[in-house]
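K.L.:
Handing you this structure, nothing more for now.
The values are calculated or read from the model by the stated rules, or taken from the named source; none is laboratory data. Everything numeric here is computed off the predicted structure, so don't read it as measured data. Cβ coordinates were reconstructed from backbone atoms using ideal geometry, including for glycine residues, and neighbour counts include every protein chain displayed. All accessible areas refer to the heavy atoms of the entire protein, side chains included, with ligands and DNA or RNA removed. Shrake-Rupley method; radii C 1.70, N 1.55, O 1.52, S 1.80 Å.
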Amino acid sequence: MQRSKNDVWVGLFVLIGALAILFLALQSANLLSLSFQKTYQVTAKFDNIGGLKPKAAVRSAGVVVGRVEKITFDDKSFRALVTLSMENRYAFPKDSALKILTSGLLGEQYLGLEPGADDKLLVAGDVVGNTQSAVVLENLISQFLYSKAADSVSPNAADSPK
């Protein structure tokens, strides 16, 4: 009887430990966000969202103030439509700017929110008009290579006879 009672307690302890590890893994992978704050939704349109994913953080001054709720494609403007779920306790001016940023050199992407100076605040259903798309590394490399290739062609090469 004593042995089976100890087995139940050990099994319960192992189960709680496994659930804690699962919770931490989901939390660190940004797949689970437990927030009991009331939220309001705003949208923003981007030309290119890069690797931005739903549940990505919305940060202002390094503090998480919201999450990306969903990402869809607007087939009228041919832009990405990003719906944000912002916490009610944080209020931002209507002319605030959104940028897609990367944490670290190759880290995850998140939205950076820079407050504006307008007297009116963002409310549910508003559209953030001032957005900056993600910096795509491949585009930067191709621009660099193209400029280096253009620099390597000497100006006299076009004038010389063949």
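K.L.:
Mind jotting down the distance between the C-alpha centroids of segment 93-143 and segment 48-71, whole Å?
P.N.:
Going from one Cα centre to the other spans 9 Å.
K.L.:
Using a 1.4 Å probe over the heavy atoms of the protein chains, calculate the carbon and sulfur portion of the accessible area of segment 53-162 as a whole percent.
P.N.:
C and S fraction of accessible area: 57 percent.
K.L.:
How large is the dipole of the chain about the Cα centre if only Lys and Arg carry +1 and Asp and Glu carry -1, each at its Cβ, rounded to the nearest 20 debye?
P.N.:
Charge dipole, the chain, about its Cα centre: 580 debye, nearest 20.
K.L.:
Right, here's the next one. Go ahead and estimate [θ] at 222 nm for the chain from helices alone: -39,500 (n - 2.57) per DSSP H run with n ≥ 4, summed, over the residue count, rounded to 500. Intermediate results must be reported in sequence, preceding the final value.
P.N.:
Values: 2 runs with 43 residues, N = 162.
Computed ellipticity for the chain at 222 nm equals -9000 deg cm²/dmol.
K.L.:
Right, another one. Report, ordered by chain and residue number, the lysines lying within cross-link reach of Lys38, taken as a straight Cα distance under 26 Å and ignoring same-chain residues fewer than 8 apart.
P.N.:
Lys53, Lys55, Lys70, Lys94, Lys99, Lys120
K.L.:
Once the Cα atoms of helix 137-152 and of the chain are each reduced to a long axis, what angle between those two axes, in degrees from 0 to 90 to the nearest 10, is obtained?
P.N.:
In the chain, helix 137-152 runs at an angle near 20 degrees to the longest axis.
K.L.:
Let me ask something additional. Take the alpha carbon gyration tensor of the chain, find the square roots of its eigenvalues, order them as a ≥ b ≥ c, and report rounded if a/c is under 1.5; if not, report prolate when a/b exceeds b/c, else oblate.
P.N.:
Verdict is oblate for the chain.
K.L.:
Same structure again: Explain nothing, just compute: Karplus ³J(HN,Hα) = 6.51 cos²θ - 1.76 cosθ + 1.60, θ = phi - 60°, for every residue of segment 123-136 in order, whole Hz, x for Gly and Pro.
P.N.:
10, 4, x, 5, 10, 7, x, 8, 10, 10, 5, 5, 7, 8
K.L.:
With the crude spin-label approximation of a point 7 Å out along Cα→Cβ, what separation in nm comes out for Thr83 versus Asn139?
P.N.:
So the label points at Thr83 and Asn139 sit 2.6 nm apart.
K.L.:
To continue, here is another question. When the Karplus curve 6.51 cos²θ - 1.76 cosθ + 1.60 is applied with θ = phi - 60°, which whole-Hz ³J(HN,Hα) does each residue of segment 88-97 get, with x for Gly and Pro?
P.N.:
4, 6, 10, 10, 10, x, 5, 8, 5, 10
K.L.:
Taking the 0 to 90 degree range and rounding to the nearest ten, how far is the long axis of helix 2-28 tilted relative to the main principal axis of the chain, both from C-alpha atoms?
P.N.:
20 degrees
K.L.:
Could I ask something else about it? In square angstrom, what is the accessible area per residue of segment 1-145 with a 1.4 angstrom probe?
P.N.:
About 68 Å² of surface per residue is accessible.
K.L.:
Report, by chain and number, residues whose modeled amide H sits under 5 Å from the one on Arg79, excluding near sequence neighbours (fewer than 5 apart, same chain).
P.N.:
Those lying under 5 Å, H to H, from Arg79 are Asp74.
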